[in-house]
Amino acid sequence: IYKFSDKHDISQFVGSLNVNYRPIEDLEINAGVGIDNSSWRQVRLFPYGVNFGGLITAGQKSIYERFNTQLTYDFNAAYNYNLFDMIDVRSTVGTQFFDRTNKSTNVLGEQFTSDLITTLGAAGKISGYGEGFSHQRDGGIYTEHALSYQDQYFLTLGIRRDYASSFGKNAPAITYPKASIAVRMDKYDFTPSFFQLLKLRAAYGE
């Protein structure tokens, strides 16, 4: 067991940039981009001269590499206004895009003749190899409307519609609705005074 080697080298960078702009009062525009880049290299070695049993009798080495790039773009606008002079409303409309590229390669060599040289070029047989590539693009549009009455009664309604190339170009889009209602119970006289905030909430979403 101590002779067996399984090493993983992982590098990753995650970052994001967000911009907030208010051209007029009560209108807020938000834009953001996020990136997640990663590389993963795995080297697994059963060295020559050690009997691991089964089919591994003369050494075996495998290398697997994967490179992944993910980009997320988000843009939305929110507007605060008053409805019927007694209901505060925040309406949001936005869109989001997701772009992911994944590349991978793998190779498996065996039948080494020495434990001094462990590069794949010293393998007597390359018994497995392959590569993979995928590029996925997803996008969605959404809207959400949050209503508040006397800072005590709350209603939120929202819907999102997504499109994804990973399902095939003939696949239909998917729609996700959501809704929630809430009541601040601490506003009622019968609620014990030691509750500074007590909210009852029910929600549904897909």
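List pairs: first in the range 182-206 and over 14 Å from SER148 (Cα atoms) and at pLDDT 90 or above, second basic (Lys, Arg) and not in a loop (DSSP other than H, G, I, E, B), Cβ under 6 Å, 6+ apart or cross-chain?
Going by the 6 Å Cβ cut-off, the qualifying pairs are GLY205/LYS178.
Just to check your reading of the model, which residue among ASN82, ASN106 is open to solvent by 50 Å² or more (accessible area, probe 1.4 Å), closer than 30 Å to GLY59 by Cα and out of contact with any Leu (no Cβ under 7 Å at 6 or more places or on another chain)? Walk me through it before giving the result.
Working: ASN82 fails: closer than 30 Å to GLY59 by Cα.
Matching residue, one of ASN82, ASN106: ASN106.
Considering only residues that are over 26 Å from PHE98 (Cα atoms) and of a type in the set (S, T, N, Q), which ones fall in the range 116-150?
Matches in the range 116-150: THR118, THR119, SER127, SER148, GLN150.
Residue by residue through the range 192-206, note down the ones that are aliphatic (A, V, I, L, M), open to solvent by 100 Å² or more (accessible area, probe 1.4 Å) and closer than 14 Å to ILE181 by Cα. Spell out the reasoning first.
So in the range 192-206, the residues aliphatic (A, V, I, L, M) come out as 197-198, 200, 202-203.
Retained after the next criterion (residues that are open to solvent by 100 Å² or more (accessible area, probe 1.4 Å)): 197, 200.
Across the range 192-206, the qualifying residue is only LEU200.
Given the options GLY59, GLY32, name the one that is surrounded by 15 or more Cβ atoms within 10 Å (Cβ to Cβ), among the small types (Gly, Ala, Ser) and in contact with a Pro (Cβ under 6 Å, 6 or more places away or on another chain). Give the steps one after another, and end with the answer.
On the way: GLY32 fails: in contact with a Pro (Cβ under 6 Å, 6 or more places away or on another chain).
Unique residue meeting the criteria: GLY59.
Here's the yes/no breakdown for (1) over 29 Å from ALA146 (Cα atoms); (2) at pLDDT below 95; (3) not β-branched (Val, Ile, Thr):
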site: GLY15; (1), (2), (3): yes, no, yes
site: PHE52; (1), (2), (3): yes, yes, yes
site: ARG66; (1), (2), (3): yes, no, yes
site: ASN76; (1), (2), (3): no, no, yes
site: ASP85; (1), (2), (3): no, yes, yes
site: THR92; (1), (2), (3): no, no, no
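The values are calculated or read from the model by the stated rules, or taken from the named source; none is laboratory data. All values derive from a computational prediction rather than experimental measurement. Don't worry about glycine lacking a Cβ; one is built from the backbone with ideal geometry, like all the others, and counts go over all protein chains shown. Accessible surface areas use protein heavy atoms only, side chains included; no ligands, DNA or RNA. Shrake-Rupley method; radii C 1.70, N 1.55, O 1.52, S 1.80 Å.
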